[in-house]
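Step one of this worksheet: look at the structure below.
Throughout, read-outs are computed from the coordinates displayed, never taken from laboratory work. Every value quoted in this text rests on a predicted model; they were computed, and no experiment measured them.
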């Protein structure tokens, strides 16, 4: 665990996790309900989901919306109907 993940962030995550599990009566939590975590946590989760559905995606270091020490984001390259490639940065601001 990184130092930034200890203390207050860890306590908030445990509290949110417990409340969501009790509310949904399930250990599987809706992604949209997660209100605590770092860019890195969301990036890893997004990457796993993207890999599962076959969406080309890579993890990049840095996130323009975040000032945390361990910031990261996912880059998704999508071709549209005009065959133009666009790269989207996926993170939460």
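Points to keep in mind about this one:
- One chain, two ends: residue 61 and residue 31. Fully extended at 0.36 nm per residue, the span grows by 8.6 nm beyond their Cα-Cα distance.
- Extended-chain gain in nm, criterion 0.36 nm per residue less alpha-carbon gap, residue 49 and residue 14: 10.3 nm
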